[in-house]
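Scroll down for the structure; my scribbles are underneath it.
Computed from the coordinates by the stated procedures, all read-outs in this text should not be read as laboratory data. All values derive from a computational prediction rather than experimental measurement. Cβ placement follows ideal geometry from the backbone for every residue including glycine, while neighbour counts extend to all protein chains displayed.
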Amino acid sequence: MMFESKEKVLVMGIDIASGSPASRTAEPQYSVVIIRSDGKIIYETQFAPLRRVIRLVWEYRPRAIAVDNVFELAPSKKKLAKLLSLLPEDTEVIQVTFKECGFLSVRKLLSSLGYEVLTKPRSLVTAYLNAVLVLRGEGTPIKAVEHKTKIIISRGSSIGKGGSSAQRYARSMRASVLRMTRKIKEILDSAGLSYDLIFRKSSGGLDNAVFIVYAPRSALTGLVKPVRNSEVRVVVKPIYKTVLFVADSPEVEARKKYVIVGVDPGHETGLAVIDLSLKLLLLMSSRELDRSSIINRIYSVGIPVLIATDKVPPPDNVRKLSSVLGVPLFTPSHNPSTAEKETLIEWYRKRVSNLKIGTTHERDALAAALMAFRHYERNLKEVEERIREMGIDADIDEAKLMILRGKSVNEAIEAVLERVLSEEKEDREGLKQLAYKLARRVDEEQRSRELEKRVEELIRERELLRNEIKELRNRLEELEFQLRFTTKVEVTAEDLRDRTIAMLENRVKQLHQRVQILEKELDKQMRLNASIIGVLEGVLRGEYEILPLMKNLSKAEVKKILQYGASNKVYVKAMDRMEVEVLRELADSKVVLLTENVSEDICKILWIHGIALIENVKPILEIENVVVVPKHMISNEVISQAIKLMEDHRRRVMSETQSIIDEKKLIGIIEEYRKQVSEQQESVEESGK
């Protein structure tokens, strides 16, 4: 199961943390991780009981549940089938460790994908890895086989030899079988139970009829009872429920080929399956083919994308099969004659070899599938030819599937091109990141080797100096011996020896201090390497996040972080220096700043410029121009709160500023009014004089 990145579907990974489903005293507890198809962790928890796991499935509605052993959920197939019945219909359970070659451990699966896991991962990590493996298309789905109950309606006794009275008795029994069939059909319809009906017509009614009811025997209690009398016999026979693996077998090319299915229902059902290249994968007919058997047969050879029938209107059994599989139903424009079907079969014989058709039911089923193919044949051939002409390395069946789903040829080709381009872009980005990590690792290892080599050189140099000191001491002894016989002595031998020894000891001390400094530097570098490896593992687990580092709010620092590409989060080490142009550029980029300590005044300045700020974020690791911080401290919720705090402050400041402006306007109006009144009074006084 491979998910498109644009779908944003959810996958739940599960691993047992403690207890056992087979134990009566130790209830099983599970680790649960829910991730999105883009890799984002939506939810995680540990030690969740099974009832909580089921509630979480209904709450988040993941597309798939990934486990490494389905029997960690239930101790038997019967109980596992019961558990699957409690899950949503659109949620699939997938065992990641089961493939066509058998069972593989999670560690071996990861190793085959290029990831080395040296030790057994913890339960929560295993749950996460299970979900990731399903997103990568690993694993086999687990399907629940429905509870089925068979209701058989037949004559109450055999028809003996006789004349017209025996024939009348036979017609009476056939009419009783017909009445009982209608009665049971009405009961099942009113109860809302899903079923298939197979019957054999005869003169005056039905010879027999069989209902395959997709419900347990207990669901029919009080509705349908066994009957046996002289005219009719009703047998109610349960078929028990189990589970099965829908294997991804290379021999039958299951789940890798999209197929068109032709069905001819009846007392004996015909089934034909062809792929989108017109290859015949299955052709058979049987009286034992109910809906579940047909579905299992189809999935054993491919993925159904179209169900076809040669009847107009389509039979109920075929419509129900199409509805259960969730694929379109093809019906011809008219009921084809036998001659038309034979002509179509002859057309197909010229394209395949060794075509053997055993019954008319097989012929009709194959004719239905071929009519469906011929309906789309022109567009299917055109899209295949155009993709081959363009030389695109793409899955042609995927393009054909889009044609069957109603897309035009141009739309199908554009979708294929979009997928190829996105895959190439992802490959380039992945290689670029891998090359960067390898280059960093090589640089670190090279520096460690250089330091080790330098220490070895200093140790050799120290040994050479020790030998040199020893030789000088021997030379001093010789000089002392010679000075004893000299008459003119300016410097005593003892003075010369002490002076030379002091000089050499000082040199040895300096070298010893240098060796100690280099050893400390080597130890520090090795601890840093170990810390970097631990942090990178935390980044892979989603515990930490790597962010660009600005030492201050200056133009040079902003220009430097632009080399790392666009980022909506930046860590600032110090805010004692800031430039207005930098603040405007950060505000336009809608960047959220993170820092450990900041004053209230600086915080308000950033808010006024429209820059959100998250305080008290302490880096786990700081290397050159990047820092590593805990992911929970910069979650979407924390960022939303920081943005809201900034917006609230800006609105409050704007409101206060508007109030001040309004007050100034009011004062100006009052002053103007006072001035006008004063002028009027002066003019009145002058006119009175």
Could you give each residue of the range 534-547 its phi-based ³J(HN,Hα) in whole Hz, using Karplus coefficients 6.51, -1.76, 1.60 with θ = phi - 60°, and x for Gly or Pro? x, 5, 4, 4, x, 5, 4, 7, x, 7, 10, 9, 8, 10
Work out how much length Ile517 to Lys279 would gain on full extension: take 0.36 nm times their residue separation and subtract the Cα-Cα distance, in nm to one decimal. 78.2 nm
Rel. contact order, % - alpha carbon contacts under 8 angstrom, at least six apart, the range 10-144: 30 percent
R0 of 51 Å, Cβ-Cβ distance Ser589-Trp347: FRET efficiency to nearest 0.05: 0.20
The range 249-390, relative contact order in percent, only Cα pairs under 8 angstrom and at least six apart counted: 29 percent
So, with points 7 Å from each Cα along the Cβ direction, the Val580-Lys40 label distance in nm works out to 3.7 nm
Which far-off residues, 5 or more places away or on another chain, put their amide H under 5 Å from the one on Ala64, with H placed in the peptide plane? Met12, Glu92
Each residue of the range 181-187 in order: what ³J(HN,Hα) in whole Hz does its phi give by Karplus 6.51 cos²θ - 1.76 cosθ + 1.60, θ = phi - 60°, with x for Gly and Pro? 4, 4, 4, 5, 4, 4, 5
Does the range 10-144 classify as rounded, prolate or oblate by the C-alpha gyration tensor (a ≥ b ≥ c root eigenvalues; a/c under 1.5 gives rounded; else a/b over b/c gives prolate, otherwise oblate)? rounded
Relative packing of 543-549, 493-499, which averages over residues the other C-beta atoms within 10 Å, highest first: 543-549, 493-499
If each of Val455 and Glu186 carries a label point 7 Å out from its Cα toward its Cβ, how far apart are those two points in nm? 9.4 nm
Distance (nanometres) between label positions extended 7 Å along Cα→Cβ at Ser111 and Thr25: 3.7 nm
Can you order the peptides 510-519, 128-137, 166-175 by their average number of other Cβ atoms within 10 Å per residue, highest first? 128-137, 166-175, 510-519
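Once the piece of chain linking Glu389 and Ser683 is laid out straight, how much longer is it, given 0.36 nm per residue of separation minus the C-alpha distance between them? Mind dumping the intermediate values first?
Values: separation 294, 0.36 × 294 = 105.84 nm, distance 9.87 nm.
This chain segment gains 96.0 nm when fully extended.
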Ranked Ser194, Ser337, criterion: other C-beta atoms within 10 Å, fewest first: Ser337, Ser194
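Neighbouring Cβ atoms within 10 Å as the yardstick, rank Ser176, Ser20 fewest first. Please report the intermediate quantities before stating the final value.
On the way: Ser176 20, Ser20 14.
The order, fewest Cβ neighbours first, is Ser20, Ser176.
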For Ile357, what residues show an amide H to amide H distance below 5 Å, using hydrogens built from the backbone and excluding near sequence neighbours? none
Extension gain, Ser203 back to Asn354 (0.36 nm per residue minus Cα-Cα distance, nm): 50.4 nm
List Ile533, Ile608 from most exposed to least, where exposure is judged by having the fewest other Cβ atoms within 10 Å. Ile533, Ile608
